[in-house]
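A short worksheet on the structure shown next.
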Amino acid sequence: MAELEAAGARPIVIDAFDAPGLVAAVVAARPDVVIHQLTDLGGGSGGELTDEQLARTARLRIEGTPNLVAAAIAAGARRIVAQSIAMLYAPGPEPHGEADPLGETASWTAITLPGIVALERSVMTTPGIEGVVLRYGLLYGPGTGTERPGKPPTVHVRAAALAALLAVDHSESGSFNIVDDDGPVSNAKAKARLGWTPLAQHEQGLAAGGSSGG
């Protein structure tokens with residue numbers, strides 16, 4: 001809380017399942033854009049998450065997302081930028097683009113997929129709001145529990161934050177893969193239409209080059 005306040009934000013704790021309370025809080029904030037990052041995951045990397053944690057987050061996406069969308073509309077917000085994931089594409093030719101179908105490929109995806117489908121549908125098909133969905137790869141970097149990328153698709157946390165920032169003011173709605181280069185998921189659309197780049201990945205390469213040349 002103190003860190004958010006020091007950055008100029010005013011943090012408020014609200015239950016996403018409390019629709020009236022959520023509407024009241026968002027209306028009071030009067031946002032132009034709402035960024036949806038709701039999860040119920042805590043501690044460790046994705047490989048350590050339990051079925052219970054995944055189920056809680058799926059419920060939050062299924063039931064909490066419509067509450068947040070309704071609150072955004074009530075507040076007069078023009079856009080919602082929502083966090084999704086890039087690990088749910090059905091088997092098929094790679095790299096996967098945003099138009100490729102999603103599908104269940106492992107036991108954890110059977111729990112997670114319904115929540116992601118519900119979230120994306122609510123954000124991108126509700127009349128009166130511009131919906132942008134950012135399909136992140138597995139996060140790494142400060143605060144994520146791992147400093148190095150794991151099995152792709154991956155994305156550095158700073159590059160993920162940059163994508164959210166670009167999506168706030170970008171004129172185009174829709175879904176965008178936010179992933180590192182050269183993995184099973186394509187980031188070409190995000191580069192071309194959001195002006196995004198996996199910047200932190202490039203920064204790491206520059207740093208490595210500088211060290212070897214020193």
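Things to note:
- Bins of 10 Å from zero: percent of alpha-carbon pairs in segment 1-87: 16, 42, 33, 9
- For residue 104, residues with placed amide H under 5 Å, excluding near neighbours: none
- Whether segment 114-167 is rounded, prolate or oblate, judged on the alpha carbon gyration tensor where a/c under 1.5 counts as rounded: prolate
- Gyration tensor (alpha-carbon) shape descriptor, segment 147-188, a/c threshold 1.5: oblate
- Overall form of segment 85-180 per C-alpha gyration tensor (a/c, 1.5; a/b vs b/c): oblate
- Scanning residues 5 or more positions from residue 82 or on other chains, those with amide H under 5 Å from its amide H are 36, 132, 133, 134, with H placed 1.01 Å from N in the peptide plane.
- Choice from 57, 39, 125 with maximal GNM fluctuation in the chain (Cα, 10 Å cutoff): 125
- Most mobile of 29, 16, 160 in a GNM of the chain (Cα contacts under 10 Å): 29
- Result for the chain in a Gaussian network model with C-alpha springs under 10 Å: among 186, 171, 122, the largest mean-square fluctuation is at 171.
- When Rg and the Kirkwood Rh are both derived from Cα coordinates, the Rg/Rh ratio for the chain amounts to 0.97.
- Net dipole in debye of the chain [+1 Lys, Arg Cβ; -1 Asp, Glu Cβ; about Cα centre; nearest 20]: 360 debye
- Electrostatic tally near residue 49: other residues with Cβ closer than 12 Å to its Cβ, Lys and Arg +1, Asp and Glu -1, net -3.
Any read-out appearing in this document is the output of simple, stated calculations on the displayed coordinates, not a laboratory observation. Just so it is clear, the model here is predicted, and its values are computed rather than measured. Cβ sites come from the backbone with ideal geometry, for glycine too, and all protein chains shown count toward neighbours.
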